[in-house]
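*Asks:* The structure follows.
The values are calculated or read from the model by the stated rules, or taken from the named source; none is laboratory data. As the structure is a computational prediction, the values presented were derived from the model and not from experiment. Here the Cβ positions follow ideal geometry from the backbone for every residue, glycine too, while neighbour counts run over all protein chains shown. Remember, those area values only see protein heavy atoms, side chains included, never the ligands or the DNA or RNA. Shrake-Rupley method; radii C 1.70, N 1.55, O 1.52, S 1.80 Å.
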Amino acid sequence: LHWEATSRFCGNCDGSMERLPGEWGKVCGGCGAHHFPRIHPCVIGLIVRGKEILLVRKGEWATGRFGLVAGFVEFGESLEEAMAREALEETGISITNIRYLGSQSWPFPSQLMCGFVADYAGGDIELRDQELCDAQWYTLDQLPTLPPSRSIARYLIDRAEHFISP
């Protein structure tokens, strides 16, 4: 719906767009250019330190809800590089051994969330930008309120026991 509302006119010539029959895309009535919804790759990661996982909180989330470090992939970055950058940028934590676990289309409005698990490599929690209001290490038996089960964040958290040190 977001793409429908924001793609009424062609980005090449400003002509009116019409749906392509049987496709997700549109065609411009003026220049004939075909346009399709854009997908923005994002990373999200479960960071493990021994028997603990790192959970973060944004102020606009439901009261007490925590999730995982996440962010957009920048031009020229691999997904793994983006995950390492986001962890350091948001929390001051360095990570290593970054492994892909799965993905989820997240149409709010157009992300493809690429989920990872990574090991703690060093650093102390230091909120470095205004995006997060809290970040803490948690053991699996003392977790705060988590994201809903349909989210990739929860999918990753629910698998944390497989990555925790014995």
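*Asks:* Counting only protein heavy atoms and using a 1.4 Å probe, what share of the accessible area of the range 1-118 belongs to carbon plus sulfur, as a whole percent?
*Replies:* 57 percent
*Asks:* Given labels modelled 7 Å from the Cα in the Cβ direction, how far is it in nm from LYS58 to ASN12?
*Replies:* Each label point lies 7 Å from its Cα, and together they span 3.4 nm.
*Asks:* Using the Karplus equation 6.51 cos²θ - 1.76 cosθ + 1.60 (θ = phi - 60°), what ³J(HN,Hα) coupling, rounded to whole Hz, does each residue of the range 109-126 give in order, writing x for Gly and Pro?
*Replies:* Once θ is set to phi - 60°, the couplings for the range 109-126 become x, 7, 9, 10, 7, 9, x, 10, 10, 9, 9, 4, 10, x, x, 10, 4, 8 Hz.
*Asks:* Pop out the ³J(HN,Hα) list for the range 131-136 in order, Karplus 6.51 cos²θ - 1.76 cosθ + 1.60 with θ = phi - 60°, rounded to Hz; leave Gly and Pro as x.
*Replies:* Karplus-based 3J(HN,Hα) across the range 131-136 equals 5, 10, 10, 7, 7, 8 Hz.
*Asks:* Treating the beta-carbon of each Lys and Arg as +1 and of each Asp and Glu as -1, no other charges, what is the dipole magnitude of the chain about its Cα centre, to the nearest 20 debye?
*Replies:* Values: 15 positive and 22 negative charges, 107 e Å.
Charge dipole of the chain: 520 debye, to the nearest 20.
*Asks:* Rounded to whole Hz and in sequence order, give me ³J(HN,Hα) for the range 56-73 from the Karplus expression 6.51 cos²θ - 1.76 cosθ + 1.60, θ = phi - 60°, writing x for Gly and Pro.
*Replies:* These are the phi-based 3J(HN,Hα) values: 10, 9, 9, x, 7, 6, 3, 3, x, 7, 10, x, 10, 4, 8, x, 6, 7 Hz.
*Asks:* Using modelled amide H (1.01 Å from N, peptide plane; none on Pro or chain starts), what sits under 5 Å from the amide H of ALA33, excluding residues fewer than 5 places away?
*Replies:* Here CYS28 satisfy the definition.
*Asks:* Taking only protein heavy atoms and a 1.4 Å probe, what accessible area per residue, in Å², does the chain have with all protein chains in place? Write down the numbers at each step before the final one.
*Replies:* Details: 9470 Å² over 166 residues.
Here the residues of the chain average 57 Å² of exposed surface.
*Asks:* For the range 89-156, which GluC sites (Glu not before Pro) are both in a DSSP coil and crowded by at most 16 other Cβ atoms within 10 Å? Please list the in-between numbers first.
*Replies:* Working: sites: GLU89, GLU90, GLU126, GLU131; in loops: GLU126, GLU131.
In loop regions of the range 89-156 (DSSP not H, G, I, E or B), the sparsely surrounded GluC sites (Glu not before Pro) are GLU126, GLU131.
*Asks:* For the range 75-147, report the % of Cα-Cα distances exceeding 16 Å.
*Replies:* Values: 1599 of 2628 pairs.
It works out to 61 percent of all Cα pairs.
*Asks:* Check each of the chymotrypsin sites (Phe, Trp or Tyr not before Pro) in the range 126-166 and keep only those in coil by DSSP with at most 16 other C-beta atoms within 10 angstrom; list them in order.
*Replies:* Working: sites: TRP137, TYR138, TYR155, PHE163; in loops: PHE163.
Loop-located and lightly packed - none at all.
*Asks:* Nearest 500 deg cm²/dmol is fine: what mean residue ellipticity at 222 nm does the chain get from its DSSP H runs of n ≥ 4 alone, each adding -39,500 (n - 2.57), divided by its residue count? Walk me through the numbers before you get to the answer.
*Replies:* Numbers: 3 runs with 25 residues, N = 166.
Rounded to the nearest 500, it is -4000 deg cm²/dmol.
*Asks:* Next question, about the same structure. Summarise the long-distance tail of P(r) for the range 118-166 by giving the % of C-alpha pairs beyond 16 Å.
*Replies:* Details: 644 of 1176 pairs.
Counting pairs separated by more than 16 Å, the tail of P(r) holds 55 percent.
*Asks:* Where the eigenvalues come from the Cα gyration tensor of the range 8-140, what are the semi-axes √(5λ) of the equivalent ellipsoid, largest first, in whole Å?
*Replies:* Numbers: eigenvalues 282, 46, 35 Å².
So the three semi-axes of the range 8-140 are 38, 15, 13 Å.
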